[in-house]
């Protein structure tokens, strides 16, 4: 019986033709079989040393796939928005080729080969997710180290964001106001162009969030679609997403006209600014369909709806609006995020700086 063998001993098992070593760590006994006695003794010494210096990790058969499911459900789902969680699940599925690999046997080479078979953007997203998952496993003592830190994902080359010119925006609005199919969305497009709001934020805008007296909009919620088509209304993803933004005169006038034309409604049922003909919330898919029709009808090179937001930010910066104000308007978590995305649009003031220096020292 194994119980009669002392701590750190090895013995020969005739039936298996193997040397078996025993060692105890934190009150738990571990054993392993080897072909030679020297290998068995070396293992016991290695285990004792690991227990002494705190680097010991209890053997575990949990696979990468099993751990990702547990990590996402236990540590991420309670802390993120439903749509963000769905995106995490989608990204985690990219690790399927390694899902059956033991978490403790995962190597940097395995990860590098997986990344190499992906697009740079996809590999980067998976790398970030895996780093978080394995880091938590390390913190819990499940692995000796975070192997993801030894892998370098492919470099993502930031593509220049397509934007619209002022003439193109004008053409879009003229078409929206004249085409019967687009006319119900004319106000939606006008607000989008002049505020840089995200699609979900526009769909979640309520009349109680519209302050016509101050000519401002309060962004407090957003409409999103989960997998399966479930429509949800949720708060913005970050604290910075909850914000107040000013509106220009034309937007103010159109919103004022739209509010004056409203029939009597039960505000407790819905107070949304943008509704479909049935008087229910507009689905994001309807906006996508409208946008494709608009792009086709206008004859403009196709750019997605989100490019209206990029255009708004770029034009503001190009016209000298301070980046911190643009960042607040967009609802970015930091000015750094805005600078990384739109820094190229900031005019060069080097000549002006030289003139200012002349004035200072003259």
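The values are calculated or read from the model by the stated rules, or taken from the named source; none is laboratory data. Remember, predicted model here, so these are calculated numbers, not experimental data. Cβ coordinates were reconstructed from backbone atoms using ideal geometry, including for glycine residues, and neighbour counts include every protein chain displayed.
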## Note on the structure
Those residues of region 129-182 which are in a loop (DSSP other than H, G, I, E, B) and closer than 19 Å to residue 296 by Cβ amount to 162, 164, 165, 179, 180, 181, 182
### Task
Go through (1) in contact with a helix residue (DSSP H, G or I) (Cβ under 6 Å, 6 or more places away or on another chain); (2) exposed (fewer than 15 other Cβ atoms within 10 Å of the Cβ) one by one and return the number of the condition residue 213 breaks.
(1)
### Condition broken by residue 163, with the remaining ones in (1) crowded, with 16+ Cβ neighbours inside 10 Å; (2) closer than 30 Å to residue 89 by Cα satisfied
(2)
### Message
Return the residues of region 319-339 that are out of contact with any strand residue (DSSP E or B) (no Cβ under 6 Å at 6 or more places or on another chain), farther than 25 Å from residue 295 by Cα and assigned to a helix (DSSP H, G or I); say none if nothing qualifies.
### Response
323, 324, 325, 326, 327, 328, 335, 336, 337, 338, 339
## Note on the structure
Note: among 205, 190, just one is touching a strand residue (DSSP E or B) at 6+ places or on another chain (Cβ under 7 Å), touching a residue at least 60 places away in the same chain (Cβ under 8 Å) and closer than 23 Å to residue 275 by Cβ, namely 205
## Note on the structure
The residue that is farthest from residue 199 (Cα to Cα), considering only those in region 239-270 that are modelled with pLDDT under 90 and surrounded by 12 or more Cβ atoms within 10 Å (Cβ to Cβ), is 265
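Would region 217-226 turn up any residue that is buried (at least 18 other Cβ atoms within 10 Å of the Cβ) and part of a loop (DSSP other than H, G, I, E, B)?
Looking through region 217-226, at least one residue is buried (at least 18 other Cβ atoms within 10 Å of the Cβ) and part of a loop (DSSP other than H, G, I, E, B).
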### Of all residues in region 116-125 being surrounded by fewer than 21 Cβ atoms within 10 Å (Cβ to Cβ) and in a helix (DSSP H, G or I), the one that is farthest from the chain's Cα centre (by Cα)
116
### Message
Please go through region 280-315 and give me each residue that is over 21 Å from residue 179 (Cα atoms) and part of a loop (DSSP other than H, G, I, E, B), ordered by number.
### Response
280, 306
### Query
Scanning region 340-362 for residues that are in a helix (DSSP H, G or I) and in contact with a helix residue (DSSP H, G or I) (Cβ under 6 Å, 6 or more places away or on another chain), which turns out modelled with the lowest pLDDT?
345
### Summary
If you go through 87, 48, the only one that is surrounded by 13 or more Cβ atoms within 10 Å (Cβ to Cβ) and under 15 Å from the mean Cα position of the chain (by Cα) is 87
### Query
In region 97-112, what residues are at pLDDT below 95 and either assigned to a helix (DSSP H, G or I) or more than 22 Å from residue 145 (Cβ to Cβ) (or both)?
103, 104, 105
### Message
Among the residues in region 297-307, are any touching a residue at least 40 places away in the same chain (Cβ under 8 Å) and closer than 20 Å to residue 240 by Cβ?
### Response
yes
### Query
Taking the stated definitions as given, is residue 302 surrounded by fewer than 14 Cβ atoms within 10 Å (Cβ to Cβ), touching a helix residue (DSSP H, G or I) at 6+ places or on another chain (Cβ under 8 Å) and under 30 Å from residue 158 (Cβ atoms)?
yes
### Message
Of the conditions (1) under 25 Å from residue 156 (Cα atoms); (2) surrounded by 14 or more Cβ atoms within 10 Å (Cβ to Cβ); (3) at pLDDT below 95, residue 336 satisfies every one except a single condition; which number is it?
### Response
(2)
## Note on the structure
residue 320 passes all but one of the listed conditions (1) touching a residue at least 12 places away in the same chain (Cβ under 8 Å); (2) in contact with a helix residue (DSSP H, G or I) (Cβ under 9 Å, 6 or more places away or on another chain); the exception is number (2)
### Query
Does residue 59 satisfy being outside any helix (DSSP H, G or I), over 30 Å from residue 239 (Cα atoms) and either modelled with pLDDT of 75 or more or outside the structural domain of residue 137 (by TED's automatic domain parsing) (or both)?
yes
